[in-house]
Structures are given as structure tokens and as C-alpha cells.
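J.: Below are the C-alpha cells for one structure; questions will follow.
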Amino acid sequence: MNERDSEAVAAQLVAKGYTLAASEAVADVVLLNTCSVRDGAEQKALAKMQNLAAEVRRNRPNVVLGFMGCMAQSRGQELIDKLPDVDLVIGTQKFHRTADYLDEILAGRRDKVCDVEAESGSEAAIKEHLLYGNPPANDAPRQVTAFVSIMQGCNQYCTFCIVPYTRGPERSRAIPDIVAECQELVARGVKEITLLGQIVTSYGRREIGAKDGESAFVQLIEAVHAIGGLERIRFTSPHPKGYGDDLVEAYGRLPKLCESAHLPVQSGSDRVLKLMHRGYTRPRYLSIIEKLRRVQPDIGIGTDIIVGFPGETEEDFEQTLSLVREAQFDQAFVFKYSQRRDTPAASMPDQIPQSLIEERHAELLKTVNEIVARKLQRFVGQTVQILVEGPSRKNPARLEGRTRCNRIVVFEGSERHRGELMDLRICRASAHTLYGDPAIVGLEAEDRE
Ligand code: 5AD
């Protein structure tokens, strides 16, 4: 979500005549987009800003430094008061004003700007923010995959989560707007689109509603599915509460919809799920996974889990461990509970001591990693379809792509493979990555001749 927002702001600035700098060392403006979902993310952004102030500002005093996004929204003016090098603080609902504020600061008309006003009532502002495209390609290599925002905000109010306060209430874009943006991306060569929202399964519930037993979200997937030239569709994140049979069934019927789902569970204990205000039970969650695997046996299922939620007992934690074993996730992010300001959980009794949180985190991570590694090993020897995205992030001499079930595969290839769907034989697996062997594919091609 933040990556997409950063792209949108970059595109806005480029449209207004700015150019993307090669690095922060030569930039005239450095904006840090921030996340406040856990304290660690906030501390990282604060440290990075202090570092920019010390390193970049010292040599070039006229550089403009700013915070945008969730931490900007929740801390506002406090950031300028604490860090006097900060010139601009721009909230999640004011991204569309970034270029105007920068112009004013750079022209010397204003010294510092902090705008974190909520604009949830203003449709115009939401649209403006959402509709900015990706930065123009210039000489950049062709983009193969893209994120498209379909909605903003969240109404779920999970008791641990700061997002409803930083992103505001749910509001969805219209289907034709989203389809038009996707069409434009596909016309530029994009092959895979990931539909983005805090809770995509709530998409258009209020604005569009269900039709013939189909939720607005499934109607949207169908509309995007009809775009010629688009090869793959993904979305993130759904909420178990809204994972209806219409969506499960869509995996069986829509070939572009990839066999992959990131379905945050948060806890395996019904008691904790209730305290978290998640709106589903353990059996309901497990039944969704079972249904998905019935429709698509090879579906890759990922999740998020929090350990150390206030009041989590040893027994609750055991329930989470047993859920992880039962669900056999293909990927899982394990988070240490982090107290967030103004959330109900922050003032709940029985906050868990940090040492116990660390202990449970380590134990759960070990369990998760064993399962994930075992599931990854099963790919060795199989042939899988990947969409080649570009050079590998870890080793730019190689290329990487993703399987339909969202596994990264690294292989020896060349730039001309970018954007291609290829069948690769998996020759080995490390902890998180698969390695494919195009030489074997080459041999197979010869065999066929
Ligand atoms: N503490 C720890 N993890 C959190 N998440 C959200 N809020 C918190 C918090 N206060 C995690 C959830 C969510 C993911 C994006 O971040 O697991 O799914």
C-alpha cells in the first residue's frame, strides 16, 4: 500500500515538472513515506530522518525534508516540534497536495507545512489521490507487475490496529475507474495486477452492493479479468470475515486469478480473536482454507500472526501453534504485539512482558519456518509457470519471477525474458526462494524438435 502511495506521489511530482533523483545524496527534496502499524516502523522512520538531517542537510542546507503517510497522519505537528529539520508533514488524505506545498516551500513563500486534516468526506480528494498513475517510464525498463488501489481506509477497528485512525473510514472507487486504470497499465505492457486495499473483501459493500449473489469485490475481479492482454490478477488483503463462497468459487472459474491468498489470521485462539475484534472464529477460518484448497489444491496461502496480544495465555498461544500446524501455511509473517496509541488494546489489562513476547515469537517462528521450508522443498523437481519480473533483487546477474502461487523463482536468464510467462524446472530450494533451471527447459525444447 505504501509503495503504491509513494509511486502516486512521485508521479504527481513528475507531472508537475520535477524529476526523480538518482539517490537521496543528490535530491533537492526527500520525502519519507511512513508506516505506523508497529512501533518498530516508526522508530526506523525517525532514525532515518535524523540521519538525513545529519548527513544530507549538513552539506546542502536547502534540501527539503518531509514525512508523509501514516506516522505523519498520527503524529502531525509533533514531528516538526521534535525534529526541527523537518519542513513538511503530509497526512494520508493530503497526498494530492504534495506538489503545491513543495512549490511554496521551495519558492520561500512558506517555511514549514503540516497538513494532516482528514478529508474522508471529499470524494474529489480521494479520486485525485487514487488516480495518479505510476511514474512515466522514461528510460526505465518495462514494468511487468503493478499495484492498483481499489479502496482506502478501514471500518473493522481491530483492537490492536492503528489503521482506522490513520487511514480513515472505508471508501471505494467505482469499477469503471479501476478498470480504466488497469487497461492503461496493460497497454503499457503490465501483465499482472494486484488489487490493493486494507480489506479488499469489503470493497464496494456500501457503494455498489451485491448483485445476483456476487459481492461487489467479485464483480470487480470479473471486470478486470475481461481485460485482454492481462495475464494474472492478485489481491491483498482479504479479511476472513468477508471471504464468501462467491470469492472461493471465483478461483475455480477465473483462470487469470492466481492460486494465492494472503489471509491474516492473527491468532488461533477464539478467546483472543474475540478480544481482537476480528469477527470470525478459528473453525470458520479453517473452513475457508479447506474450501480454497478444495477448489485449488495447490493454492499458496499466507498469513499474518500476532504474538503477545494483551491477556494471551499459554493456552491461547498453544492454540496459535496448533492452528499453524493444522493450516500448513505456505508463508506466514509473525509479529510481536506492539502497543499503538489510542487503540483499545493498548489499555487492556494483562499486557504481556516483552521477554515473554520474544520467547513466543521465537517459538512460533521456528514452527512456521519448518512448515514453510518443507512446503517449499516439495517444488523441487516440478515444472512451474513463472512471470519474469526482472533482475533478482539479491543477485542482479540473475532474473526472477513468481509462480502463480506467489513463490519467488530465481534463474539464469536474460533481459529479453522480462515480462514473459515461462515454464521452469525447479532444481533447488533455499529457505524462502526457489531456483529454476532454464538449461533443462532448453533441453526439453530440443527434445521436442
Ligand atoms: N502489533 C503487532 N502487529 C500488528 N499488526 C497490526 N497491528 C499490529 C500491532 N499493534 C500486524 C497484523 C497485520 C499486519 C499488517 O500487521 O498482523 O495483519
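Listed here are the residues, each with its yes/no results for (1) surrounded by fewer than 18 Cβ atoms within 10 Å (Cβ to Cβ); (2) assigned to a loop (DSSP other than H, G, I, E, B); (3) not acidic (D, E).
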residue: V334; (1), (2), (3): no, no, yes
residue: D342; (1), (2), (3): yes, yes, no
residue: A346; (1), (2), (3): yes, no, yes
residue: R374; (1), (2), (3): yes, no, yes
residue: V380; (1), (2), (3): yes, yes, yes
residue: G401; (1), (2), (3): no, no, yes
residue: N406; (1), (2), (3): no, yes, yes
residue: D423; (1), (2), (3): yes, no, no
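J.: Given the condition crowded, with 21+ Cβ neighbours inside 10 Å, over 24 Å from E3 (Cα atoms) and over 18 Å from the mean Cα position of the chain (by Cα), answer yes or no: does some residue in the stretch 239-247 qualify?
T.: So far as the stretch 239-247 goes, yes, one or more of its residues are crowded, with 21+ Cβ neighbours inside 10 Å, over 24 Å from E3 (Cα atoms) and over 18 Å from the mean Cα position of the chain (by Cα).
J.: A follow-up question, please. Could you give me the residue pairs with C-beta distances under 7 Å whose first residue belongs to the stretch 326-337 and is closer than 20 Å to D298 by Cα and acidic (D, E), whose second residue is part of a strand (DSSP E or B) and away from the ligand (no atom under 13 Å from the Cβ) wherever it lies, and which are 6+ apart or on separate chains?
T.: D330/G300; D330/I301
J.: May I ask you to list pairs of residues, at least six apart or on different chains, whose Cβ atoms are under 6 Å apart, with the first in the stretch 302-319 being more than 28 Å from E259 (Cβ to Cβ) and of a type outside the set (S, T, N, Q) and the second being within 9 Å of the ligand (Cβ to nearest atom) and in a loop (DSSP other than H, G, I, E, B)?
T.: Qualifying pairs under 6 Å: G308/Y337; F309/Y337.
J.: On to the next question. Got a sec? Which of T281, T303 is within 15 Å of the ligand (Cβ to nearest atom) and at pLDDT 95 or above?
T.: The conditions single out T303.
J.: Right, another one. Of the residues V186, V163, which single one is modelled with pLDDT of 95 or more and surrounded by fewer than 22 Cβ atoms within 10 Å (Cβ to Cβ)?
T.: Sole residue among the options that is modelled with pLDDT of 95 or more and surrounded by fewer than 22 Cβ atoms within 10 Å (Cβ to Cβ): V186.
J.: Out of curiosity, is L230 touching a helix residue (DSSP H, G or I) at 6+ places or on another chain (Cβ under 8 Å), in a loop (DSSP other than H, G, I, E, B), hydrophobic (A, V, I, L, M, F, W, C) and buried (at least 18 other Cβ atoms within 10 Å of the Cβ)?
T.: Spelling it out, L230 is indeed touching a helix residue (DSSP H, G or I) at 6+ places or on another chain (Cβ under 8 Å), in a loop (DSSP other than H, G, I, E, B), hydrophobic (A, V, I, L, M, F, W, C) and buried (at least 18 other Cβ atoms within 10 Å of the Cβ).
J.: Scanning the stretch 8-46 for residues that are crowded, with 20+ Cβ neighbours inside 10 Å and of a type in the set (S, T, N, Q), which turns out farthest from the ligand (Cβ to nearest atom)?
T.: Q12
The values are calculated or read from the model by the stated rules, or taken from the named source; none is laboratory data. Note that this is a predicted model, so its numbers are computed, not measured. Don't worry about glycine lacking a Cβ; one is built from the backbone with ideal geometry, like all the others, and counts go over all protein chains shown.
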